[in-house]
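Single-structure report; data block below.
The values are calculated or read from the model by the stated rules, or taken from the named source; none is laboratory data. Remember, it's a predicted structure, so these values are computed and weren't measured experimentally. Please note: Cβ atoms are built from the backbone with ideal geometry, for glycine as well, and neighbour counts cover all protein chains shown. These area figures cover heavy atoms from the full protein model, side chains too; ligands, DNA and RNA do not enter into them. Shrake-Rupley method; radii C 1.70, N 1.55, O 1.52, S 1.80 Å.
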Amino acid sequence: MAGHSKWANIKHRKAAQDARRGKVFTRLIRELVVAAKQGGPSPDDNPRLRAAVDKALGANMTRDTIDRAIARGAGASSADDMEELTYEGYAPGGIAVLVEAMTDNRNRTVAEVRHAFSKYGGNLGADGSVAYLFTRCGVLGYSSDVDEETLFSAALEAGAEDIESNADGSFDVLTPWQDFATAKKTLQEAGLEPEWADITMLPSSKVAAEAAGVDTTMRLVEALEELDDVQNVYTNVDIPDELLQSSD
């Protein structure tokens, strides 16, 4: 899990940069619209929508904006007829990369994703080539300052599937993605506010990053994340501390 937390931190910094460019709101609104369209406008009955609302509130999106996005999705407007796509491929060194996108133009999106892979020495693969390496789940990250006994007790009550300790002393609480919002609320009510929390795709195995490939891998992921149609990018890379620091 140590590698996951490091990569989550990279994604967190990237998300902050995206926020300054206004991209994060676009992606959050898109997720709200699609979640409401597919599962209905009630967050209580729609786990995906509930998670999207929590993420939007965490990004300081106003309730009015959230409600308008949900209404758009519930209204099933043809203007919001977005298609969800998943692309799979490899970065140099055999590192698996999973890309989630929402688009109204499949040809445009696949061309942009393929170009990013090609530019940074990766390869876009066939459906199923890497998806089996990832599992969707909720993750709540806590710093080393948290009381371990209190966290473990509250996480158990919240229905966590697992708690992983990282090399830096921090902890990751893993939950079924459908129960993510409920588990997060339970932990918060116990006075345990996570440093970060998200529904993500966790790899079942990791590939160690070679010194020469860290920068290229990060550039590929960043290039994919910068594409307008891309919602999320996941990878099974494990970057040691010394390589992560040298790539900053």
**OP:** Calculate, for ASN123 and GLN188, the FRET efficiency according to 1/(1 + (r/R0)^6) with r their C-beta to C-beta distance and R0 45 Å; round to the nearest 0.05.
**Re:** 0.60
**OP:** Show me 33-46, 62-75 ranked by packing, highest mean number of other Cβ atoms within 10 Å first.
**Re:** 33-46, 62-75
Original post:
Taking the Cβ-Cβ separation of ALA111 and GLU164 as r and a Förster radius of 45 Å, what is the calculated FRET efficiency to the nearest 0.05?
Top reply: 0.75
Subject >> Contact order normalised by residue count of the range 52-195, Cα under 8 Å, 6+ apart, percent >> reply: 18 percent
Original post:
Taking the mean number of other Cβ atoms within 10 Å as a proxy for protection, how do you rank 117-130, 170-183 from highest to lowest?
Top reply: 170-183, 117-130
**OP:** Compute the distance in nm between two label points, each set 7 Å from the Cα along the Cα-to-Cβ direction, one at GLU226 and one at SER144.
**Re:** 3.4 nm
Original post:
Largest first, what is the accessible-area ranking of TYR87, TYR132 with a 1.4 Å probe?
Top reply: TYR132, TYR87
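With a ≥ b ≥ c taken as the square roots of the eigenvalues of the C-alpha gyration tensor of the range 113-238, please select rounded if a/c is under 1.5 and otherwise prolate if a/b is larger than b/c or oblate if it is not? Intermediate results must be reported in sequence, preceding the final value.
Working: a/c = 2.46, a/b = 1.99, b/c = 1.24.
It comes out prolate by the Cα gyration axes.
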Subject >> Spacing of the two label points (7 Å from each Cα toward its C-beta) at GLN38 and ARG136, in nm >> reply: 0.5 nm
Original post:
Let a ≥ b ≥ c be the square roots of the eigenvalues of the Cα gyration tensor of the range 82-170; is it rounded (a/c under 1.5), or, if not, prolate (a/b larger than b/c) or oblate?
Top reply: prolate
Original post:
For SER205 and ARG219 in the same chain, what is the full-extension length gain: residue separation times 0.36 nm, less their Cα-Cα distance, in nm?
Top reply: 2.9 nm
**OP:** Binning at 5 Å from 0, report for the range 40-92 what percent of all alpha-carbon pair distances ends up in each bin.
**Re:** 4, 16, 20, 22, 16, 9, 6, 4, 1
Original post:
Among 218-224, 230-236, how do they line up from the highest to the lowest mean number of other beta-carbon atoms within 10 Å?
Top reply: 230-236, 218-224
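Return the subset of LYS23/LYS119; LYS23/LYS184; LYS184/LYS206; LYS37/LYS184; LYS37/LYS206 for which the Cα-Cα distance in this structure is over 28 Å, preserving the input order.
Numbers: LYS23/LYS119 22 Å; LYS23/LYS184 25 Å; LYS184/LYS206 26 Å; LYS37/LYS184 24 Å; LYS37/LYS206 35 Å.
From LYS23/LYS119; LYS23/LYS184; LYS184/LYS206; LYS37/LYS184; LYS37/LYS206, over 28 Å: LYS37/LYS206.
Where the accessible area of the range 51-134 is counted over protein heavy atoms with a 1.4 Å probe, how much of it, in %, is carbon and sulfur?
After summing per-atom areas, the C and S share lands at 47 percent.
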